[in-house]
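Down below is the structure, laid out as structure tokens.
The values are calculated or read from the model by the stated rules, or taken from the named source; none is laboratory data. As the structure is a prediction and not an experimental result, all values here were calculated from the model. All Cβ positions, glycine included, derive from the backbone under ideal geometry; neighbour counts span all protein chains shown. The protein model used for the area step is the full one, side chains on, heavy atoms only, and it has no ligands, DNA or RNA in it. Shrake-Rupley method; radii C 1.70, N 1.55, O 1.52, S 1.80 Å.
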Amino acid sequence: MRQSRHIGRTLREAPKDAQTAAHSLMIRAGYISQLSAGVYVYQPLLLRTLNKISQIIREEMATAGAEELLMPAIQPKELWEESGRWERYTAVDGIMFAFKDRRGSTVCLGPTHEEVVTDILRREVKSYKDLPKCVFQIQTKFRDEIRPRFGLMRAREFIMKDAYSFDADEAGQDASYEAMRQAYHRICERVGYTYRAVEADTGAIGGSGSHEFMVLADSGEETVLYCDTCNYAANQERAESRLEQFPQDAEPRPMEAVLGRGIIGAEKLAEFFKIPLWKTTKTLIYEADDQMVAVMVRGDCDVHELKVANHLNVKVLRLASAEKIRSLTGAEVGYAGPIGLPGHVRVIADHHVKGRVNFECGANQTDYHNINVNFGRDVALPELGDFKLAREGDGCPRCQGRLKAAKGIEVGHIFKLGTKYSQAMNCSYLDANSQTQPVVMGCYGIGVSRMAAAWVEQSHDDKGILWSPQIAPYHVHLIALNIEDEVIRTQAEALYARLQQEGIEVLFDDRPARAGEKFSDADLMGLPVRLTLSKRTLEQGKVEFKLRTEKDSTVLSPDEAVEKIKGVCGIR
RNA sequence: CGGAGCGUAGCUCAGCCUGGCUAGAGCACCUGCUUUGGGAGCAGGACGUCGCAGGUUCAAAUCCUGUCGCUCCGACCA
């Protein structure tokens with residue numbers, strides 16, 4: 001491509017609305033431009049990268065045994081009512097673009113395709129002999145995000161690869177899931193990310209198992225915790241952890257309510273009572289849908305509301321109001337404890353509150369705290385579970401290692417769906433015994449446009465983007481300085497033609513611009529190899545070769561340059 | 001949706017508080033000359049419904065009301 005005819009002008013100054021490096025660089029380098037909130041033009045350079053990413057995905061999907069199709073973006077309301085997700089996606093979360101067509105039928109723009117694909121496969125699959133099946137598509141998705149942000153990172157219209165597997169049973173699903181998991185690893189490796197696959201919460205989509213593929217970058221919105229010893233890794237939303245256990249008192253002491261006027265908060269309590277922080281207890285009162293729940297965690301932990309909500313299987317979980325707390329505990333906020341709560345309050349506790357002798361907790365009386373409390377004697381052992389937020393430095397739940405934290409960008413998410421959609425939408429088959437069985441499904445998503453943004457986020461410097469040869473829009477940026485010089489122009493044209501004949505993708509800067517401008521643009525656009533022709537190289541008939549990732553350049557003959565480029569970019 | 005902020009030239013912004021001449025700067029763009037390996041210099045030029053609507057006023061980019069758009073912080077997600 002000749003740069004003189006290329007669309008996507010570079011900007012010298014960062015646009016004020018761009019908050020992250022990737023967003024800013026992609027605008028400055030002419031890869032994207034904004035049309036409205038969360039809606040972007042994929043300019044020519046970006047489209048080439050997206051196509052390359054898509055090609056890698058297609059190859060790995062084929063290896064995993066998935067067949068490509070393309071489903072409609074326009075979907076009928078009826079399918080969503082059948083799966084039971086219409087309300088949630090429209091009225092409740094409002095994430096779906098829905099409207100009426102000219103005949104008055106309500107339709108929507110697909111935010112995801114479980115409904116449509118299940119509809120397709122239920123007509124396709126009749127017998128256990130028809131299974132397994134796996135399909136995928138690369139398509140534009142529409143989500144009216146509550147808050148689009150960071151350019152392509154969270155857009156309202158974005159490109160996604162979504163795959164769906166259909167199996168006869170759990171064992172089949174496990175195999176399909178595993179094939180996809182491995183495909184996702186290969187995709188991440190081929191692109192060249194520094195990434196981690198982590199255990200994930202299944203969220204709204206539902207299902208039994210789930211992994212997220214996280215590209216590590218400081219600006220990532222997700223926190224991942226991983227073990228420094230074994231291979232345990234999980235999204236902080238779901239991560240478990242082991243806390244340090246401490247030697248306990250040999251004998252229980254008599255419980256007493258002690259006055260600690262205005263002492264609220266675990267740290268203050270520990271200091272006031274001169275006890276270790278782990279002996280204190282946080283008891284938080286929540287409103288969970290229509291029930292009241294008291295959640296206890298050790299004083300050195302925090303409650304993880306998502307874990308609590310999942311355990312209780314409720315939609316809305318929020319801290320109770322001060323009035324509610326007063327009426328339930330008879331005390332001001334800050335003095336709640338498990339002893340003497342009304343019977344209708346469900347008490348649940350993190351595992352780590354157990355196993356302590358003579359611990360502290362609120363006395364449900366303003367300014368008073370109970371000390372030397374013991375389960376079994378003073379209060380019944382509550383329902384136990386994992387309700388605390390895992391943190392960096394906690395022990396690994398699987399081994400004796402410690403958890404470390406990193407920020408990540410979620411580029412892929414794979415789920416075992418089970419029979420949630422197949423049952424709701426009657427996607428079933430006859431087994432060998434002529435029994436009707438629901439198909440067992442899995443779904444597997446990758447944000448294609450987000451992958452490009454994540455790469456830039458992970459791989460850039462102060463001058464611009466650093467593409468890997470695998471997904472760079474072009475392999476080579478061919479720069480001709482002093483192009484008004486006929487000899488240089490002739491040489492440059494010849495080299496441009498030669499490189500293309502060799503199967504090398506070239507962006508040819510044939511503009512009559514100055515050296516500084518061309519070099520700056522090249523750094524900004526970030527193609528892996530830069531070739532420069534100028535008066536300096538003219539007499540020798542050579543060309544200057546420079547990698548974007550390296551500082552120094554070398555002077556090579558055209559033949560040598562071609563060989564080197566092919567080596568670097570893995571061509572043929 | 002709650003909270004905060006911003007809309008003036010293609011981009012980054014000044015001007016607004018305290019209303020008043022023809023609305024400004026830098027970059028980008030066009031012409032000419034000079035320059036020519038890290039975003040050049042000089043001279044000249046083109047580019048604006050000051051987001052939109054209404055109001056106050058002799059007079060509105062500036063004050064008031066409404067509205068639309070965009071960005072950021074929280075809950076959603078690839």
Qualifying residue in the stretch A:103-110 (condition: under 28 Å from the mean Cα position of the chain (by Cα) and among the hydroxyl-bearing types (Ser, Thr, Tyr)): no
Of all residues making up the stretch A:25-39, the number that are within 13 Å of A:Gly526 (Cα to Cα) and in a loop (DSSP other than H, G, I, E, B): 3
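Conditions (1) farther than 24 Å from A:Asn51 by Cα; (2) more than 13 Å from RNA strand B (Cβ to nearest atom); (3) not assigned by TED's automatic domain parsing to the domain that holds A:Arg9, marked per residue:
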position: A:Leu478; (1), (2), (3): no, no, yes
position: A:Leu481; (1), (2), (3): yes, no, yes
position: A:Val487; (1), (2), (3): yes, yes, yes
position: A:Glu493; (1), (2), (3): yes, yes, yes
position: A:Gln500; (1), (2), (3): no, yes, yes
position: A:Ile504; (1), (2), (3): no, yes, yes
position: A:Ala515; (1), (2), (3): yes, no, yes
position: A:Phe519; (1), (2), (3): yes, no, yes
position: A:Pro528; (1), (2), (3): no, yes, yes
Within the stretch A:423-466, tally of residues that are surrounded by fewer than 18 Cβ atoms within 10 Å (Cβ to Cβ) and either more than 16 Å from RNA strand B (Cβ to nearest atom) or assigned to a helix (DSSP H, G or I) (or both): 12
Which numbered condition A:Ser4 misses (of (1) in a loop (DSSP other than H, G, I, E, B); (2) over 18 Å from A:Arg156 (Cβ atoms); (3) within 14 Å of RNA strand B (Cβ to nearest atom); (4) open to solvent by 50 Å² or more (accessible area, probe 1.4 Å)): (1)
The stretch A:412-422, subset open to solvent by 10 Å² or more (accessible area, probe 1.4 Å) and closer than 30 Å to A:Thr49 by Cβ, residue nearest to RNA strand B (Cβ to nearest atom): A:His413
Which numbered condition A:Lys129 fails, given (1) buried (at least 18 other Cβ atoms within 10 Å of the Cβ); (2) modelled with pLDDT of 95 or more; (3) basic (Lys, Arg): (1)
One residue from A:Ser24, A:Ser83, A:Ser54 being within 11 Å of RNA strand B (Cβ to nearest atom) and modelled with pLDDT of 90 or more: A:Ser24
Test result for A:Glu82, under 18 Å from A:Val117 (Cα atoms) and either open to solvent by 30 Å² or more (accessible area, probe 1.4 Å) or not in a loop (DSSP other than H, G, I, E, B) (or both): yes
Wholly enclosed strands (runs of 3 or more DSSP E) of the stretch A:270-320 bearing at least 2 residues under 11 Å from A:Phe387 (Cβ atoms): A:281-288, A:291-298
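This table checks each residue for (1) more than 16 Å from A:Leu403 (Cα to Cα); (2) among the basic types (Lys, Arg); (3) open to solvent by less than 30 Å² (accessible area, probe 1.4 Å).
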site: A:Val224; (1), (2), (3): no, no, yes
site: A:Ala234; (1), (2), (3): no, no, yes
site: A:Met255; (1), (2), (3): yes, no, no
site: A:Val293; (1), (2), (3): yes, no, yes
Residue in the stretch A:546-562 that is of a type in the set (Asp, Glu), open to solvent by 40 Å² or more (accessible area, probe 1.4 Å) and within 11 Å of RNA strand B (Cβ to nearest atom) present: yes
Qualifying residue in the stretch A:375-397 (condition: open to solvent by less than 10 Å² (accessible area, probe 1.4 Å), β-branched (Val, Ile, Thr) and modelled with pLDDT of 90 or more): no
Matching strands (runs of 3 or more DSSP E) fully within the stretch A:525-572 where at least 1 residues are at pLDDT 95 or above and of a type in the set (Lys, Arg): A:529-533, A:543-547
Among (1) open to solvent by 20 Å² or more (accessible area, probe 1.4 Å); (2) out of contact with any helix residue (DSSP H, G or I) (no Cβ under 9 Å at 6 or more places or on another chain); (3) in the same structural domain as A:Gly8 (by TED's automatic domain parsing) - the single one A:Arg103 does not satisfy: (3)
Residue check for A:Ala179: over 30 Å from A:Ala22 (Cα atoms), in contact with an Asp or Glu (Cβ under 9 Å, 6 or more places away or on another chain) and in the same structural domain as A:Ala14 (by TED's automatic domain parsing): no
Qualifying residues in the stretch A:29-39 (those that are touching a Phe, Trp or Tyr at 6+ places or on another chain (Cβ under 9 Å) and open to solvent by less than 30 Å² (accessible area, probe 1.4 Å)) - the one farthest from RNA strand B (Cβ to nearest atom): A:Tyr31
Sole exception among (1) of a type outside the set (D, E, K, R); (2) surrounded by fewer than 18 Cβ atoms within 10 Å (Cβ to Cβ); (3) over 22 Å from A:Glu221 (Cβ atoms) for A:Ile146, by number: (3)
Selected residue (only one of A:Val357, A:Val347 is among the β-branched types (Val, Ile, Thr) and not in a loop (DSSP other than H, G, I, E, B)): A:Val347
